[in-house]
Amino acid sequence: MSVQSQPIADNLFTWPAESPELLGSRCRRCGEHAFPAQPDCRSCSASDSETVALGNRGTLWTWTVQSFLPKPPYAGPAEPEHFIPYGVGYVEMPCGLRVEARLKPNTPESLRIGMPMKLIIEPLYRDTDGNDVLIFAFDAETEA
Amino acid sequence: MDVAIIGLGMHRFGRTQALSGVQQGAVAVRAALADAGVAWKQIQFAYGGSQDAGNADALVNELGLTGLQFTNIWNGCATGGSSLHAAYAAIKSGEYDLGVVVGFDKHPPGAFNPDPAEWGLGNWYGEAGLMLTTQFFAMKIQRYMHDHGITEQALARVAEKAFYNGSINPEAWRRQALSQEEILASMMVSHPLRKYMFCSPAEGAVALVVCSEKIARQFTAHPVTLKTAVVRSRYYGSFEVFSPSQAPVVNDAPTQTASRAAFEQAGIGPGDVDVLQLQDTDSGAEIIHMAENGFCEHGEQERLLRDGATRIDGRMPVNTDGGCLANGEPVGASGLRQVHEVCLQLRCQAGARQVPGDPRVGYTHVYGAPGVSGVNIVTR
């Protein structure tokens, strides 16, 4: 039997999808976006928002590298000897919103403010039922 | 009516296996009472808090059951600042004229691991490994260095100063001076921040005795005046810790709004300040906070640090006791340690780390999760 997979939480990204996109919300009153989607607007306090796709391309606004194993509730592999550093950054989406995400590039040499990024969906851990739990992340956009 | 700080007490920061957080709080309160020459039974009210070490009002079991009004405060990293603000307001209002403010904590070693649900966030955010304060501070200074030309050398200079100040502070946790070379050779924790550029969660306690200025001279010939105590949360559009997304619009950070309000209320400006404490969760935070509190322009820090302006003998001494870097961060106590230190400096009782020139105005600034800042201004 093949391994099943499921998103880590509902409404973070379109799934299953040929070309997954991040999901957020847009306030119908003031037009500001939020990620993750939320019913109330952080900008104008209205409660009139719609879920919208935020796209799957952006540029890197800032970054760091997580070089040590986080404590729980971190759900990735728990053994320090198996820990692989991962990048963390804010990626500016076409609507201007900057979304915090794990980054595939995980060395200072491979990360640069302003670099183009593309969304990927990857397994974070395998749950107790044997399902892969999926998280959104960004990888460097390779030149066409 | 002005508010005076007449008693200072501390339980040394660091690790104290034998004492609980509450017990360390009791040590600090007793020390502050002794410093003020006040008995616990005279105290009319108290505000206090901790993040991980229990309810502050449990202190009455140690100090005595006197029936006073004791209110627990929990407000993230601004817990101490919020307790002091509450005491300030209680005295200003005329309801009380003698009280205690206390903060203490006892954190396990290693980075904080907050529960996302307690901060209004989905569990996925913590499970994905995105909810670490270290990451936020690294990403904020990474962008700041890019925008304002701050170098890695400047990060090292801040840490070098902190550990030097710690080395001459008998109460500091970290008492070994470190060279810039040692700091720059330490392990990279979260690029661009290295091991010796980060403070560590710790233990410790601080207490202050506060009173109405009209009775202050009954207790001491040298009261310090708490001119203002301000706490501000974040605006839409400021870049804050624990934010899964950040708005494209740019707005003032809570540090900027708290600082501006504090200067306005005190009727003074940054140029009037003689000794200051700025939140130094990491070297980068101290650099950013120099500008966000109005003490320089963005980018000017590079030159100021090169010139030694923030050293004890500089023109704007910052974190004279070694700050969070040399003292660690017990969240409930950390903001009050800052006030304790500037009061000691204004009383000219800071020993080897005393700033020269008869300081008269002190400034303290705390910043932390979830995007909250507290600023206090004290004078004599």
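The table below lists the values:
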{"item": "Check on B:SER373, assigned to a helix (DSSP H, G or I), under 10 Å from the mean Cα position of the chain (by Cα) and either surrounded by fewer than 22 Cβ atoms within 10 Å (Cβ to Cβ) or touching a residue at least 40 places away in the same chain (Cβ under 8 Å) (or both)", "result": "no"}
{"item": "Tally, over the stretch B:222-251, of residues that are in contact with a Pro (Cβ under 8 Å, 6 or more places away or on another chain), touching a residue at least 24 places away in the same chain (Cβ under 8 Å) and hydroxyl-bearing (Ser, Thr, Tyr)", "result": "2"}
{"item": "Single condition B:GLY129 does not satisfy, out of (1) assigned to a loop (DSSP other than H, G, I, E, B); (2) over 19 Å from the mean Cα position of the chain (by Cα); (3) in contact (Cβ under 8 Å) with a residue 12 or more places away in the chain", "result": "(3)"}
{"item": "Among residues of the stretch A:94-110, those that are at the interface with another protein chain (Cβ under 9 Å from one of its Cβ atoms) and either buried (at least 20 other Cβ atoms within 10 Å of the Cβ) or part of a strand (DSSP E or B) (or both), counted", "result": "6"}
{"item": "Complete set of residues in the stretch A:66-88 that are exposed (fewer than 15 other Cβ atoms within 10 Å of the Cβ) and facing chain B (nearest Cβ under 7 Å)", "result": "A:PRO72"}
{"item": "Positions within the stretch B:103-130 being more than 8 Å from chain A (Cβ to nearest Cβ) and either surrounded by 17 or more Cβ atoms within 10 Å (Cβ to Cβ) or in contact with a His (Cβ under 7 Å, 6 or more places away or on another chain) (or both), in sequence order", "result": "B:GLY103, B:PHE104, B:ASP105, B:LYS106, B:HIS107, B:PHE112, B:PRO114, B:LEU121, B:TYR125"}
{"item": "Residue under evaluation A:TRP63, criteria (1) surrounded by 24 or more Cβ atoms within 10 Å (Cβ to Cβ); (2) aromatic (Phe, Trp, Tyr); (3) more than 9 Å from chain B (Cβ to nearest Cβ), criterion not met", "result": "(3)"}
{"item": "Any hit, the stretch B:147-165, residues being within 30 Å of A:ARG112 (Cα to Cα) and basic (Lys, Arg)", "result": "yes"}
{"item": "Pairs with Cβ under 7 Å, 6+ apart, first in the stretch B:161-172 and farther than 21 Å from B:LEU304 by Cβ, second of a type in the set (Gly, Ala, Ser) and in a loop (DSSP other than H, G, I, E, B)", "result": "B:SER167/B:ALA177; B:ASN169/B:GLY322; B:ALA172/B:GLY322"}
{"item": "Subset of the stretch B:269-289 [over 21 Å from B:HIS191 (Cα atoms) and surrounded by 19 or more Cβ atoms within 10 Å (Cβ to Cβ)]", "result": "B:VAL273, B:ASP274, B:VAL275, B:LEU276, B:GLN277, B:LEU278"}
{"item": "Qualifying positions in the stretch B:11-45 - at positive phi and out of contact with any strand residue (DSSP E or B) (no Cβ under 7 Å at 6 or more places or on another chain)", "result": "B:GLY37"}
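Yes or no, residue by residue, for (1) of a type in the set (A, V, I, L, M, F, W, C); (2) within 28 Å of B:GLN17 (Cβ to Cβ); (3) modelled with pLDDT under 95; (4) surrounded by fewer than 20 Cβ atoms within 10 Å (Cβ to Cβ):
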{"residue": "B:GLY48", "(1), (2), (3), (4)": "no, yes, no, no"}
{"residue": "B:GLY54", "(1), (2), (3), (4)": "no, yes, yes, yes"}
{"residue": "B:VAL60", "(1), (2), (3), (4)": "yes, yes, no, yes"}
{"residue": "B:ASN72", "(1), (2), (3), (4)": "no, yes, no, yes"}
{"residue": "B:ALA78", "(1), (2), (3), (4)": "yes, no, yes, no"}
{"residue": "B:SER83", "(1), (2), (3), (4)": "no, yes, no, no"}
{"residue": "B:ALA87", "(1), (2), (3), (4)": "yes, no, no, no"}
{"residue": "B:LYS92", "(1), (2), (3), (4)": "no, no, no, yes"}
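The values are calculated or read from the model by the stated rules, or taken from the named source; none is laboratory data. These figures come from a predicted structure and were not determined experimentally. Note that each Cβ is placed from the backbone with ideal geometry, even for glycine, and that neighbours are counted across all protein chains shown.
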